[in-house]
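Visitor: Have a look at this one before I ask anything.
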Amino acid sequence: MKEFSKTYDHTKVEGTIYDKWLKSGYFTPENLPRAESRKPYTIIMPPPNANAPSHVGHALGYTIQDILIRFERMRGRKTLWLPGTDHAGFETQVVFEKKLEKEGRSRFKMQREEFYKEIWKYVQENKYISEEAIKRLGASCDWSRNIFTLDPEIVKIVYQTFGQMYKDGLAYRAGRICNWCPKHQTGLSDLETKYEERTEPFYYFKYGPFTIGTSRPETKFGDKYVVMHPKDKRYAKFKSGQKLDLEWINGPITATVVKDEAVDVAFGSGVMTITPAHDPVDFEIAQRHGLEIETIIDKRGRLLPIAGEFAGQKILETRPKIVEKLEKKGLLEKIEEKYKHNVQLCYKCGNLIEPQIVMQWYIKMTEKLPDGRPSLRAMALEALDKKEVEIVTEKFEKIFRHWMENIRDWPISRQIWWGIPIPVWYCGGAEKASGPKMGFAGHIAPEVSNGKIRTYRLRNHNLKTGDRVAFENSQSKLLFGYGVMTTADKKPVGDIQLPDALHGGKYNTTKELIAAFERLHPDRKVTKDTPAWLYTYQFKPFSEQDKKEGCGQIIISSENPKTCPACGGVNLIQDPDTFDTWFSSGQWPFAALMANDAKSNLTLPLLNKERKGEADFQTYYPTQVMETGWDILFFWVARMIMLSYYKTGYKTGKPPFKKVLLHGLVRARDRQKMSKSKGNVTDPLGVIDTYGTDALRFALVFSTAAGNDIPLSEDKIRGMKHFANKLWNIARYVLTNVSIPNSQFPVPKREAKSLPHTVPNALVWGYKLKTITAADREISKKLQATVASVTKNLENFRLHEAAQAIYQFSWHEFADKYIEESKKQLKDEKTKKNTLYTLYFVLTTILKLLHPFMPFVTEEIWSKLDQKEMLMISPWPK
RNA sequence: GGGCGUGUAGCUCAGUUGGUUAGAGCGUUACAUUGACAUUGUAAAGGCCCCCCGUUCGAAUCGGGGCACGCCCACCA
């Protein structure tokens, strides 16, 4: 019998227990004594952001995962919980830029290398802090396999996937309108923006014979198209293409009438002017009609020279001045002061999104693969249909499907520096195409060009030599060509002359090219009525260097290529962008395992033997459970399913994970979202200091169904601390019972399999049983029911019910009833031994049942029982 | 506009496929207790399980409608 303090003091226990676990090596599945013959059970930990301060939301996830892992480990599975860290590109860069801002600095005044070095250092520090926090939560993950999304082994896999996607035509580059945050100066996916309702003035201006309405007068400088619905009788006298001279902000302009069905007849005056470069709807209209696109606002959100006297000013500051000017010119008709509408904001900084036309890399979501495999979306949906992947929290399956059905192509490039650089080089250094006609030198997607480089000659357009152009199918919006204009010419628009003399094209006429295209894409008919099927438009070069002529070849390479394989040019320009963080973390389940395979110098902490030949990917994939917050269902889970099926799943039927378990947000007790500004943030480490890890863990999973948001109050955590203490004292009572001298306390000769009076087992206990009381029978029955309930509920991921069952039994059955009764039974010689057996057996069983939830206090009590093995690996009761 | 969900004790929430007297934590009230327990125990109060209709021998649970609230997605110049 060891020392047993009157109350449980977590501060004295948690550190030593965690060290003991670490030293045991049992976090590493290969070290588990019973694991060899058993099936692997794998959970990949959602890698915390490298910038992240600890948050109870994270604590919830780690707790749930640790519960599952400890449960399965005790059940004899070969249990791997793989930890890692996410560089979290944009998120981390935003946090770091805020820090710079406080120091009066800015990334726009820094060299890229310098910036990267600093942020790397910052991330390393935070990574350590975050890992320590995970340890304090008691997480039994395999630290020997700890991995980071920027580890070279991961980057290599990410590059390989990208290259493969490019070859398959899934990854493509296009210049189209995208969400642009002027503060951070990067494009963002739709998921990275949010909407907010604003009440702002809505202005009506005179635009020649029309009245146009707008909430954004500052975008109106370049407006030279006036659009109305083709069936709007009020404007029937205006014909499509008709030119009108009229007075506008900075003097007289010529406007062109456009008829388009996108116009809502009922809204405003039914007439609008368009700003294609800064509005997605306008952009589409411009594309449909082949209109010129003019940029009004620069990447920083300031007006360009087209704005005349307003050039260089920030748009919001300029708005009233422009209205004033228009009013003075007599062009302001009226102002509707309280116009309610939604504005799109950057989800990080809350600044207005200013759509811009930028070259971005995209991943096709809905198009079949060239080898006949279904689209990424279809693969993911099929996985759900076949139940290869199951979303356990079932209400999210519907949400997931709904989102998938409306998915659009995913922009994966970001104009930020913190992240994995896009492994693409553009050949900008060799003069190849020449001749009297305007030429296009560049790349046409493999589906059209058969993967070879060709030079096509374009006739007449507004392009100048050196301009970058993209070819896009005006119907599918898919880009299939990209390159640089080479020489001037003046013939009609819209034709491509083939073959080109230089490369001996396979298609002799445009018709043939179209036919070839259509063979590949039977769903995309190209008709005579869509003359602009090869849509061309002009881009600003993305860098000065880019203006230099080259063959425009796109080279995908994980290492810096020295020369262009197509033309031999040496002036290769690396794509300046980085991948969306989710492009790399979307590959995490297989990448993390494969990368560990690639690390040859790993040694196992306990056995000190190399893990060679132990192919992690072979052994541990597919993983069993993906447990994460529902807020990243689309960001992450969807992408993991799609990318994993693309990479390893479709042919093998291997999903990245079999079950998806989603937990809710941890909220303050009044259901408010926790936020620093509200001052209601619960710091998990603070809670752990005061109440102990076990109390926090139990409070997090107790009495809230999976997937629901969890209101967490200090009262609740305190209550669970009381429970830990109760458990402690149950053990203290059993082990130090005053009336029984220590020497008489029975210690089982081997692991007892069941209660002695349900299946009498004298061999185990070395005693013959004498009198079994009603109380003994009762507690035995209840214990069995509890074991069954906890086991079943854990198997079904109903953690809250398992927790409730064990809590009820321990406190209100065992402590309140049986222990009270035992005080009498121990005084009677006839029932004494039997009572001791029962006390001991029930105690050890509830320690096991409770261990996944409250690992520290249970392991500590266990250590006082003179058991050979640690509780952590002791067999789960049946 | 499209989709998903919630409504149960004063508060926060459980209630697996329909089945005794609907539960827990915290809070409240009374009593007991320093005895394994910075307490804990015993007991109590507190519920038209949002409303209406239906299915059923039987509904908090299933179906339809209504009311209230929340979330996600899309978005009109």
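Visitor: Whose amide H sits under 5 Å from the amide H of A:Asp575, counting only residues 5 or more places off or on another chain, with H placed in the peptide plane?
Guide: For A:Asp575, whose amide H was placed from the backbone, the distant partners under 5 Å are A:Val424, A:Trp425, A:Tyr426.
Visitor: A:Thr628: net charge of surrounding residues, Cβ under 13 Å, Lys/Arg +1, Asp/Glu -1, itself excluded?
Guide: Numbers: positive: A:Arg639, A:Lys659; negative: A:Asp86, A:Glu627, A:Asp631.
Every neighbour counted, the sum reads -1.
Visitor: Then there is this: Show me the trypsin sites (Lys or Arg not before Pro) within the stretch A:826-860 that DSSP assigns to loop and that have at most 13 other Cβ atoms within 10 Å of their Cβ. The partial results should precede the final answer.
Guide: Values: sites: A:Lys827, A:Lys830, A:Lys832, A:Lys833, A:Lys848; in loops: A:Lys827.
Of the trypsin sites (Lys or Arg not before Pro), the ones in loops of the stretch A:826-860 whose Cβ has at most 13 other Cβ atoms within 10 Å are A:Lys827.
Visitor: What figure in square angstrom, to the nearest 10, would you give for the accessible area of A:Arg667 with a 1.4 Å probe?
Guide: Accessible area of A:Arg667: about 50 Å².
Visitor: Ordering A:Asp245, A:Asp580, A:Asp19, A:Asp298 by how much accessible area each has at a 1.4 Å probe, largest first, what is the list?
Guide: Values: A:Asp245 130, A:Asp580 5, A:Asp19 75, A:Asp298 30 Å².
In descending accessible area the options line up as A:Asp245, A:Asp19, A:Asp298, A:Asp580.
Visitor: Rounded if a/c is under 1.5, else prolate if a/b is larger than b/c, else oblate: which is the stretch A:75-173, with a ≥ b ≥ c the root eigenvalues of its Cα gyration tensor? Can you show the working numbers first?
Guide: Values: a/c = 2.94, a/b = 1.17, b/c = 2.51.
Oblate shape, in that a/c is at least 1.5 and b/c is the bigger or equal ratio.
Visitor: For the pair A:Gln618 and A:Thr11, how long in nm is the line joining their label points, each one 7 Å along Cα→Cβ?
Guide: Label-label distance for A:Gln618 and A:Thr11, simple model: 5.1 nm.
Visitor: Report A:Leu291's accessible area, 1.4 Å probe, all protein chains in place, as a number in Å² to the nearest 10.
Guide: Around 20 Å² of this residue is reachable by solvent.
Visitor: Keeping all protein chains in the complex and leaving out DNA, RNA and ligands, what accessible area do you get for A:Ser780 with a 1.4 Å probe, in Å² to the nearest 10?
Guide: Per-residue accessible area (A:Ser780): approximately 0 Å².
Visitor: With each label point set 7 Å from Cα along the Cα-Cβ vector, what nm distance links A:Leu22 and A:Phe108?
Guide: Here the answer is 4.4 nm between the modelled labels.
Visitor: Only four residue types carry charge here, +1 at the Cβ of Lys and Arg and -1 at the Cβ of Asp and Glu. Report the dipole size of the stretch A:1-158 about the Cα centre in Debye, rounded to the nearest 20. The partial results should precede the final answer.
Guide: On the way: 27 positive and 22 negative charges, 90 e Å.
That gives a dipole near 440 debye.
Visitor: Set the Förster radius R0 to 60 Å, insert the Cβ-Cβ distance between A:Asn680 and A:Lys243 as r into 1/(1 + (r/R0)^6), and round the FRET efficiency to 0.05.
Guide: 0.50
Visitor: Would you mind checking A:Lys117/A:Lys314; A:Lys206/A:Lys239; A:Lys243/A:Lys299 for any pair whose Cα atoms are more than 23 angstrom apart?
Guide: Values: A:Lys117/A:Lys314 32 Å; A:Lys206/A:Lys239 19 Å; A:Lys243/A:Lys299 31 Å.
Beyond 23 Å: A:Lys117/A:Lys314; A:Lys243/A:Lys299.
Visitor: Compute the accessible area per residue over the stretch A:325-364, keeping the other protein chains in place, probe 1.4 Å, unit Å². Kindly include the intermediate steps, with their values, before the conclusion.
Guide: Working: 1900 Å² over 40 residues.
Averaged over the residues of the stretch A:325-364, the accessible area is 48 Å².
Visitor: Taking the Cβ of A:Val660 as the center, what net charge do the other residues with Cβ under 9 Å away carry, scoring Lys and Arg +1 and Asp and Glu -1? Walk me through the numbers before you get to the answer.
Guide: On the way: positive: A:Lys658, A:Lys659; negative: A:Glu390, A:Glu397, A:Glu627.
Cβ neighbours under 9 Å give a net charge of -1.
Visitor: At a 1.4 Å probe radius, carbon and sulfur cover how many percent of the accessible area of the stretch A:296-407?
Guide: Working: 2690 of 5600 Å².
Solvent-exposed carbon and sulfur of the stretch A:296-407 make up 48 percent of the total.
Visitor: Sort A:Lys348, A:Lys878 by heavy-atom solvent-accessible area, probe 1.4 angstrom, most to least. Walk me through the intermediate numbers first.
Guide: Values: A:Lys348 75, A:Lys878 210 Å².
Reading off the accessible areas and sorting them downward yields A:Lys878, A:Lys348.
Visitor: So what's the net charge close to A:Leu170: Lys and Arg +1, Asp and Glu -1, counting the other residues with Cβ under 9 Å from its Cβ? Could you put the intermediate results ahead of the total?
Guide: Numbers: positive: A:Lys167, A:Lys364; negative: A:Asp168, A:Glu367.
Result for the local shell: 0.
Visitor: Another one. Computed on alpha carbon atoms, what radius of gyration and Dmax characterise the stretch A:1-93, expressed in Å?
Guide: Reported Rg and Dmax, both Å: 16.6, 56.
Visitor: A further question on this structure: Per residue, how large is the accessible surface of the stretch A:819-878? Use a 1.4 angstrom probe and give square angstrom. Spell out each step's value before the answer.
Guide: Values: 1980 Å² over 60 residues.
Normalised by residue count, the accessible surface of the stretch A:819-878 is 33 Å².
The values are calculated or read from the model by the stated rules, or taken from the named source; none is laboratory data. These figures come from a predicted structure and were not determined experimentally. Neighbour counts are summed over all protein chains in view; Cβ atoms, including those assigned to glycine, are modelled from backbone coordinates with ideal geometry. Ligands, DNA and RNA are stripped out before the accessible areas are found, and what is left, the full protein with its side chains, is counted by its heavy atoms. Shrake-Rupley method; radii C 1.70, N 1.55, O 1.52, S 1.80 Å.
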